[in-house]
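What follows is calculated from the coordinates using simple rules that are stated; it is not laboratory data. Remember, predicted model here, so these are calculated numbers, not experimental data. Here the Cβ is made from the backbone with ideal geometry for all residues, glycine too, and neighbour counts use every protein chain on show.
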Amino acid sequence: MDARSQIRAYIRSKIAQPLEDCDDLFDLGLVDSLFGLRLVSFVEQKFGITVDGDDLDIANFCSIDALTAFVTAKGAADGRV
Amino acid sequence: MTCDLSEAQRDASERARRFVTEAILPFAALIDETQTTPQHVLQALRANSWLGAGLPAQWGGGELDPLAYGLAMEQFGWACSSTRTLLTVHNMTAQVILRFGSAQQRERWLPALCSGEKIIAFALTEPGAGSDATGIETEAQPRPGEYRITGTKIWCSYGLAADLYLLFARCEGKPVALLVERESPGLSVEPMQDVFGTRGSMLARLRLDGVEVPVSHRIGAVGAGLSFVANVALDYGRFAVAWGAVGIIRACLDTCVDYASERHQGGAVLAQHQLIRRQLTDTLLAHTTARALCLRSAQLRMAGDPRAASETALAKYHASEAAIRVANDAIALHGANGCSPKFPVSRYLRDATVTGIVEGTREIHQIALASYALQRPYLDD
């Protein structure tokens, strides 16, 4: 599975409502404090990247689109994705 | 739950037990009574490298893995919850600098935090913002090259002893995390006393009147202060609080077993009375279950499992509730002696109560963990 498919599958398995890739998880109130931490751990574990201080921007985590772009760019920088 | 400990993990637990037995436990009642942590205790923590216990050796820390660190927190919780609170706050906040700080921030602060030369505290809560951290009103006004901070923080554990604060403010409507030095002009640090539990945790109220902080002291982007920076720190904190609560349960169990084995009533030692026996069984069960959840949480953290934060919250919720119930029962088992300062059980109850509030109240955990339950996490086992 590509990065987008893995991210989509993970988030859809955790959120019990229809979701488009562009939907803003934060604006929709779907990310509480614990789920936010799970998202960070998920992308670190699944894609072998390390989220650092410069990455701590809601814009990187707010949607399936955003997460896909983030892990792709981060992975490319690290030579992983 | 069984768990094979590595030699390093077993060593951390045993070292912590020896240390707290010699250097902390003899002063635990005094720390509670005088509402402060004596300098000689702080010095002993530094000299024995406990302040940086959970941080990497690269920076001078003790490099304890999550399980070893949790086992150490269990021992500190057994001896003195106030002192355990210092280690909790210091480590959880230093972990944020380690994980999300810039290279410059790490090089500047981590060696001093690992050695204990400097103490760091966590400044989030405000008079009008507790469980709802999004309600913080402390303002960080952006100016060229710096922020100008104005506001008030309360319930800052070990704020009186701290040299540095990780402080959360609102910047043009968005949350931001900033490192604020104790000596900053415009910052005043005042004691908050006569609290119910963990009375030696040197609580402070911080008043910030135009405190100027360079932009280089910001951690993460503006907007990410709460969702990521604060929550990562609180996650570390919950883990330590959960283990500390297990330590309180263990202390109650030790005390109750001793008392029930020695105290005679109705022609027999208490341990022969059926209702006392039931209580001892329930206390043992509470200890076993709370510890099992903490062990599971530690193992998930070590594996980098995405469930770790939620399972840590589950462990903290259960362990703190169990500690409160067990400590309350321990007082009852001791009868009138349970209300006497000559016995530690009333301190255990007061300290246990605090574990049910800090790093997220019972009610916040009940709400948040329901969302986790709805995701059917048990299917991932």
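Considering B:Leu234, B:Leu226, the condition of being closer than 19 Å to B:Ala162 by Cβ, touching a residue at least 12 places away in the same chain (Cβ under 8 Å), assigned to a helix (DSSP H, G or I) and within 14 Å of chain A (Cβ to nearest Cβ) is satisfied by B:Leu234 alone. With respect to being in contact with a Cys (Cβ under 6 Å, 6 or more places away or on another chain), surrounded by 18 or more Cβ atoms within 10 Å (Cβ to Cβ), in contact (Cβ under 8 Å) with a residue 40 or more places away in the chain and not in a helix (DSSP H, G or I), B:Val246 falls outside the description. With a requirement of 2 or more residues that are basic (Lys, Arg), the helices (runs of 4 or more DSSP H) lying completely within segment B:33-121 that satisfy it span B:81-100, B:103-115.
Criterion applied to A:Leu34, A:Leu25, A:Leu30, A:Leu19 was being out of contact with any strand residue (DSSP E or B) (no Cβ under 8 Å at 6 or more places or on another chain), more than 25 Å from B:Ala103 (Cβ to Cβ), of a type outside the set (Gly, Ala, Ser) and facing chain B (nearest Cβ under 8 Å), and the one residue passing it is A:Leu34. In segment B:283-315, the residue that is nearest to the other protein chains (Cβ to nearest Cβ) out of those that are of a type in the set (Ser, Thr, Tyr) and surrounded by fewer than 18 Cβ atoms within 10 Å (Cβ to Cβ) is B:Thr289. State which residue is nearest to A:Ala66 (Cα to Cα) when the search covers only segment A:17-38 and only residues that are surrounded by 12 or more Cβ atoms within 10 Å (Cβ to Cβ) and among the small types (Gly, Ala, Ser). Only one residue fits best here, namely A:Gly36.
Of the residues making up segment A:31-65, those that are assigned to a helix (DSSP H, G or I), free of Cβ contacts under 8 Å to residues at least 40 places away in the same chain and either in contact with a His (Cβ under 7 Å, 6 or more places away or on another chain) or of a type in the set (A, V, I, L, M, F, W, C) (or both) are A:Leu34, A:Phe35, A:Leu37, A:Leu39, A:Val40, A:Phe42, A:Val43, A:Ile58, A:Ala59, A:Phe61.
The lone criterion from (1) in contact with a helix residue (DSSP H, G or I) (Cβ under 9 Å, 6 or more places away or on another chain); (2) not in a loop (DSSP other than H, G, I, E, B) left unmet by B:Leu275 is number (1).
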